[in-house]
Amino acid sequence: MRRRGRRAFLRFLARSLAVRKGRTALAWASVSLAVGLLAVMTQITLGIREKLGAELRAYGANIIVARENLSDGSVAAIRAIPDVEEADGQVYARLRAGGRGVEAVGLDLQLLAAGGALIEGRLPAAPGEVLAGSRLREALDLTAGRVVAVECGGRRARLLVTGFIERGGEEDRALFLSPANARSLAGRPAGVSAVLVRARPGEVEAVGARIRAILPGASVKTLRQVAGAEENLLRKIRLLLLLATAAVLLVSALGVASSVGASLLERRVEVGLMMAMGATRREIARFFRAEAALVGLAGGLGGFLIAGPVADAISRAAFETDLASSPLVLPASLAAGLALSTFASLLPLQKGLAVDPAAVLRGE
Amino acid sequence: MNRIVLLRVMRKSFLNRKRAAVLRVISVAAGTAVAASLLAISLDISGKVSAELRAFGANIVIDPKVEGLAGVIEEKRTLREEDLAKAKTIFWRHNIRGLTPFLFARGDVAAAGARSRVDIVGTWYEKYLPLPGEAGTFRAGVKTVAPWWTIEGAWPDTGGEVLVGVSLAEKIGMSRGETLLLDGRVFRVAGLLATGGAEDDRIVMDLTELQEIRGQAGEISKVLVSALATPMDDFAARDPETMSPAEKEKWYCTAYVTSIARQLEGVFEGSSARPIWPIAATEGRLLERLQLLIYFLALAALAASVLGVSAAWVTSLLHRAGEIALMKAVGGARSEIMAFFLAEGLAVGLAGGLLGFAASLFISSYIGLQVFESGFAQRAALLPVAVGCAVLVSLAGTFLPVLRAVRARPAGALRGGA
């Protein structure tokens, strides 16, 4: 196109959009709403694995690694494996207290507290302090503040019970203390008895294989109770969101198609006028496509601007964390707006161009 | 005379626009279908996810109550097996999805020429309990509270068979199909059990057989229960003993895991029932999060329906200016014309709403079947809501454009211009 022609084209375009402000605004709003809705739902669908995954972490480990001599270094090595969310060492010691055998577990006490169990009293803080499983309260006649005498492999110690923990399982008969404490009781200079690993749901088998590779001879067991159920749940929630997004997409497309398309149909008079002035069908088509593209891009931008705060608000309300924003969202929104608007105008454009200028100008 | 012409114009207007009217109905139906589907889903999702969460295992454990001296001298108390059937008589009986008893013992195993002392647990694999006072049975057994148990081999289905945990099997050199001597009796290893948990170091056998060997007929050590529970909140966290009678009734009548546990304690003699907090607390939080997410879906549904119906608005009145002008020209009063178009809007809303609701039944069923392998509950109450909204939105969309067109001057519209 000659330069003069191009400028005229652009001026025509701008005026056209300005003159029918109402219709343009409606089309733009329609595209914005559609893109915004899609953007929010897509972001939520993509981020749900991470969000729910964070919640599912509370179910705890899904792999347990045990070997005779596991060093502290092996815990770090496991943590370094990709798709490992957490890896924590535990030290076991078999004690005798009150004339009976009692398991002592040395582990990160903060993690224990975060694991959803019911805790009475306070966590052990100083060396020599323990947390007792709730069933030991009766078995050993314990109360918070009482000291229990224990013995392990000839070593004796007096442990102060700072509180009780209830999880509902066999652990309620164990004593919980810091790893260092457990080691000194068991007479271990260093290292751990087992490592409880949490792998990303879906990667449990792969992580298990990697652990076996770096720790030959170790027993690596999948805690099936947790692993299978998580993956299943995540899969279902994702599918649900996907299907819902698809349904919303269909309806949005219909809405946009109507808005954008209909506004084209009503402009048959304009088309007739342009033809009468000597414009070819192709030039007219280009003009209308450009209009649709502009509205589409503007709508995509509008949708992006709405979607950002809305998606964040939902994420914060439901998951108490922000959605990780991706730099792809803006270009994707613009592209979606463009695509929606363009496809919406295809059919109406065809119909709109099939006019007899004379008839249309006459008012028929 | 003009009246007849007016009516004829109106009739022609309606009939000519059949295609447009159909399109409008479809637009309204589409928007209503998606909105109603997502609303139906949002109302039921909590129940579905709750059932899914049962795959994580039991959330209530029932132990014999051990207090005072009995605890100190480690008197072995047991629960009564006969109380198990009563679990399905509590107020929240329909929330109990799984139930299984355990009996623990230690025994001597002779296998591959060696003897060792092992832990044995007796349980039900799968047992159908009669429902007290009702027809039908309730499926209980370890498969209902520990669906992750993986057997290498087969579940024992005849007497004289046991399962051996994989770790124990390795230690004593057992594999499936072989026989071992347990307390002098011969048992065949039907399969090896792999769970990753404590069972891997045990021998698992049928409860009744173990009771027989040990002479502990009718006794059990522990019960695990898998129940659908409502997430805990601040109210539920309070000690029921500190609640007023009205509050206590509210607590009792809400399916908090603590409430269900308390009711179970009531039917098992000499028991102490507690939630398994790592499971119960986590699933409560998960449910809460998902619920919020789904409310958002419902909102998205509303927005989607606005989009769908807006399609109807826009297509509706574009070509109407000429007809409206014609009606005015033949003497139609503004109010009459408005009434005509609003009636059309009402009809479109009703038709679209009904159609959309019917479609939503299919959509939500389909989604339910695809995701959860069971349809979502269809609620008749959604029908008036769906149709009502469709009508409202259709009328709202009709009103303003019609008002504007009716106020315009007829001559210009009749000429075909703006």
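Numbers at a glance
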item: Test: residue A:342 is of a type in the set (S, T, N, Q) and outside any helix (DSSP H, G or I); result: no
item: So residue B:284, is it within 30 Å of the chain's Cα centre (by Cα), in a helix (DSSP H, G or I) and at pLDDT 80 or above; result: yes
item: Residue B:55 being among the small types (Gly, Ala, Ser) and either within 12 Å of chain A (Cβ to nearest Cβ) or in a loop (DSSP other than H, G, I, E, B) (or both); result: yes
item: Cβ pairs under 6 Å, 6+ apart, first in the range B:262-273 and in a strand (DSSP E or B), second not β-branched (Val, Ile, Thr); result: B:271/B:65; B:271/B:79; B:271/B:265; B:272/B:63; B:272/B:65; B:273/B:261; B:273/B:264; B:273/B:265
item: Residue A:190, sole failed condition from (1) more than 35 Å from the chain's Cα centre (by Cα); (2) in a strand (DSSP E or B); (3) in contact (Cβ under 8 Å) with a residue 12 or more places away in the chain; result: (2)
item: Residue tally, condition facing chain A (nearest Cβ under 8 Å) and of a type outside the set (Lys, Arg), over the range B:281-294; result: 6
item: Members of the range A:159-188 found to be surrounded by 23 or more Cβ atoms within 10 Å (Cβ to Cβ) and of a type in the set (A, V, I, L, M), listed by number; result: A:159, A:165, A:175, A:177, A:182, A:185
item: Boolean, residue B:345 is buried (at least 22 other Cβ atoms within 10 Å of the Cβ), at pLDDT below 90, small (Gly, Ala, Ser) and in contact with a Leu (Cβ under 9 Å, 6 or more places away or on another chain); result: yes
item: Count of residues meeting criterion [among the charged types (D, E, K, R), farther than 21 Å from residue B:62 by Cα and out of contact with any Lys or Arg (no Cβ under 8 Å at 6 or more places or on another chain)] in the range B:103-157; result: 3
item: Scan of the range B:330-350 for residues that are touching a residue at least 60 places away in the same chain (Cβ under 8 Å), part of a helix (DSSP H, G or I) and over 14 Å from residue B:386 (Cα atoms), ordered by number; result: B:334, B:336, B:337, B:338, B:340, B:341, B:342, B:344
item: Residue tally, condition under 26 Å from the mean Cα position of the chain (by Cα) and modelled with pLDDT under 90, over the range A:200-226; result: 11
item: Top-ranked residue in the range B:351-386 [being out of contact with any Asp or Glu (no Cβ under 9 Å at 6 or more places or on another chain) and assigned to a loop (DSSP other than H, G, I, E, B); ranked as nearest to the other protein chains (Cβ to nearest Cβ)]; result: B:373
item: Test: residue in the range B:136-144 that is modelled with pLDDT of 90 or more and small (Gly, Ala, Ser); result: yes
item: Among (1) away from chain B (no Cβ under 14 Å); (2) surrounded by fewer than 20 Cβ atoms within 10 Å (Cβ to Cβ); (3) assigned to a strand (DSSP E or B); (4) not small (Gly, Ala, Ser), the one test that residue A:120 misses; result: (1)
item: Failed criterion for residue A:81 (all others in (1) within 14 Å of chain B (Cβ to nearest Cβ); (2) assigned to a loop (DSSP other than H, G, I, E, B) hold); result: (1)
item: The range A:189-217, residues that are in contact with a Ser or Thr (Cβ under 8 Å, 6 or more places away or on another chain) and either surrounded by fewer than 18 Cβ atoms within 10 Å (Cβ to Cβ) or not aliphatic (A, V, I, L, M) (or both); result: A:190, A:191, A:205, A:208, A:214
item: Qualifying helices (runs of 4 or more DSSP H) (wholly inside the range B:126-232; at least 1 residues being touching a residue at least 40 places away in the same chain (Cβ under 8 Å) and over 25 Å from the mean Cα position of the chain (by Cα)); result: B:166-172, B:207-214
item: Any hit, the range A:7-29, residues being modelled with pLDDT of 80 or more and surrounded by 21 or more Cβ atoms within 10 Å (Cβ to Cβ); result: yes
item: Residues located in the range B:77-124, provided they are among the aromatic types (Phe, Trp, Tyr) and closer than 17 Å to residue B:225 by Cβ; result: B:91, B:92, B:102, B:124
item: Positions within the range B:217-236 being surrounded by fewer than 17 Cβ atoms within 10 Å (Cβ to Cβ) and closer than 27 Å to residue B:79 by Cβ, in sequence order; result: B:217, B:218
item: Residue in the range A:222-245 that is farther than 30 Å from residue B:41 by Cβ and among the hydrophobic types (A, V, I, L, M, F, W, C) present; result: yes
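Condition check ((1) at pLDDT 90 or above; (2) farther than 19 Å from residue B:161 by Cα; (3) in contact with a His (Cβ under 8 Å, 6 or more places away or on another chain); (4) not charged (D, E, K, R)) across all residues:
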site	(1), (2), (3), (4)
B:64	no, yes, no, yes
B:69	no, yes, no, yes
B:72	no, yes, no, yes
B:78	no, yes, no, yes
B:91	yes, yes, no, yes
B:97	yes, yes, no, no
B:102	yes, no, no, yes
B:125	yes, no, no, yes
B:128	yes, yes, no, yes
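Results for (1) surrounded by 18 or more Cβ atoms within 10 Å (Cβ to Cβ); (2) within 14 Å of another protein chain (Cβ to nearest Cβ); (3) over 19 Å from the mean Cα position of the chain (by Cα), shown as yes or no for each residue.
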{"residue": "A:296", "(1), (2), (3)": "yes, no, yes"}
{"residue": "A:303", "(1), (2), (3)": "yes, yes, yes"}
{"residue": "A:310", "(1), (2), (3)": "yes, yes, no"}
{"residue": "A:314", "(1), (2), (3)": "yes, yes, no"}
{"residue": "A:320", "(1), (2), (3)": "no, yes, no"}
{"residue": "A:333", "(1), (2), (3)": "yes, no, yes"}
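The values are calculated or read from the model by the stated rules, or taken from the named source; none is laboratory data. As the structure is a prediction and not an experimental result, all values here were calculated from the model. All Cβ positions, glycine included, derive from the backbone under ideal geometry; neighbour counts span all protein chains shown.
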